[in-house]
Amino acid sequence: MTKRLLAMLCAVLICTCAVGCASAKDSAGQADSSSQTEEDKGMKGTQLTAESAKLVGRTYLAENGTLWCGLSGSGAEFEFTGKNLDIMVETDKVGWSGQVDNYARIAIYVDGERVVDDMLNEGLKKYSPIQGDSEVTKTVRIVKLSETAMSCFGIMPIQLEDGASIKPTAEKAHKIEFIGDSITCGYGVDDEDPTHKFKTSTEDVTRAYAYKTAQALDADYSMFSISGWGIISGWTGDGKQKPEQQIPLYYEKLGFTYGGFGDIMPQETEWDFSLYKPELIVINLGTNDDSYCGSHEDRKQAYVEGYVEFLKTVRKDNPDARILCVLGIMGDNLYPSVEEAVSRYTEETGDSNISAFHLEPQDQAEDGLVADYHPTEKTHTKASEALTAEIRSIMGW
């Protein structure tokens, strides 16, 4: 038995419960603290799989039954029937490390209402979003609000009382995948001071344009986004290329993180594209590349070439999806290069199931800025409205 597993088992015995609201008991809503074991109370563990829940985004089911979530917006949704629901969540090594600014942020919704919003600053936490004396049937959604690179969390098998059950919620009519950077992640959207720096606690994907667009279209979504990354370079303050921060390097993997999914690293694990087949893929990459490309024409051409190659990869993995390439929210200097990449890709491949769309740059005077000069929720909402209208036009939804 590993030291890590021993530590986890000890933590289960002594952990302090972090609890959501929505309780028919006391405001704490804590589970029964009697000496009875879960077996004594007739409880059983149900793993979150495609048979028991709708899996949201790219997730990974570990051998011990824990469902790991890394990418922004990833999680699970299910219909719960019963009296009491407890959800145990395991953090990655970041949650054990004391790296305050990098803890994973989690939300739990009950019938669309956010009843848990918490930072995973302990190895294990228990949430009790539904507590009562009468049986209810409610939709429960667990969402990772923060991004993958900094930290991840795992949802352990759900312990159900006798007579309680969970089942997947219905699939929506449409499926979208969003590929992006910090804008897609909702970087800093909860911090209204643009001079402040990054913290996972101020990141909320549900307030960003991609999540809002999926909601507006009543579509299921999957996101592959990492702050500071691009097509050929991550964000650079000195003009030097950061080739290690390229989304194309890991798009075919489960993701990228410094934390890990238990004993595996998602960047070393292939993603099975048969598990989620989007009808539409929205790519919003270039903001960070622009810090490297600037006015250098040779670098812009390298961006175009890198973009074309990435489009070929995206098409290989998603042969039937429409591809929509967008850019502009935090600057549109490279938008002409996006259009050039789309045109060149079509010329080289004959694939015309693709287009580009310009998003208006943020208006600081009218809409303000948040941490690190990122877009406010008002800006995200405007971008979502424009993108939603474009998607309805090209997809006929």
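Worth pointing out:
- Where strands (runs of 3 or more DSSP E) sit wholly within segment 46-112, those with at least 3 residues that are in contact (Cβ under 8 Å) with a residue 60 or more places away in the chain and either touching a helix residue (DSSP H, G or I) at 6+ places or on another chain (Cβ under 6 Å) or not β-branched (Val, Ile, Thr) (or both) occupy 67-69, 75-82, 85-91.
- Subset of segment 370-387 [surrounded by fewer than 19 Cβ atoms within 10 Å (Cβ to Cβ) and either farther than 27 Å from ILE232 by Cβ or without any contact (Cβ under 8 Å) to a residue 12 or more places away in the chain (or both)]: LYS378, THR381, GLU385
- When restricted to residues that are among the charged types (D, E, K, R), under 19 Å from ARG299 (Cβ atoms) and in contact (Cβ under 8 Å) with a residue 40 or more places away in the chain, segment 332-369 contains 1.
- Qualifying residue in segment 164-176 (condition: surrounded by fewer than 24 Cβ atoms within 10 Å (Cβ to Cβ), farther than 28 Å from GLU122 by Cβ, of a type outside the set (Phe, Trp, Tyr) and under 17 Å from the mean Cα position of the chain (by Cα)): yes
- Residues that are touching a residue at least 12 places away in the same chain (Cβ under 8 Å) and surrounded by fewer than 18 Cβ atoms within 10 Å (Cβ to Cβ) within segment 309-331 comprise GLU309, LYS312, THR313, ASP317, ASP320, ARG322, GLY331, listed in sequence order.
Condition check ((1) under 27 Å from VAL304 (Cα atoms); (2) in contact with a helix residue (DSSP H, G or I) (Cβ under 9 Å, 6 or more places away or on another chain); (3) among the polar types (S, T, N, Q)) across all residues:
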site: GLU348; (1), (2), (3): yes, yes, no
site: SER352; (1), (2), (3): yes, yes, yes
site: GLU360; (1), (2), (3): yes, yes, no
site: LEU369; (1), (2), (3): no, yes, no
site: HIS374; (1), (2), (3): yes, yes, no
site: HIS380; (1), (2), (3): yes, yes, no
site: SER384; (1), (2), (3): yes, yes, yes
site: LEU387; (1), (2), (3): yes, yes, no
site: MET395; (1), (2), (3): yes, no, no
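- So ALA383, is it modelled with pLDDT of 95 or more, assigned by TED's automatic domain parsing to the domain that holds ALA321 and under 16 Å from GLY328 (Cα atoms): yes
- Restricting segment 113-124 to residues that are in contact with a helix residue (DSSP H, G or I) (Cβ under 6 Å, 6 or more places away or on another chain) and in a strand (DSSP E or B), the residue that is farthest from SER151 (Cα to Cα): LEU124
The values are calculated or read from the model by the stated rules, or taken from the named source; none is laboratory data. Everything numeric here is computed off the predicted structure, so don't read it as measured data. When we count neighbours, we look across all protein chains shown, and the Cβ atoms used for this are built from the backbone with ideal geometry, even at glycine.
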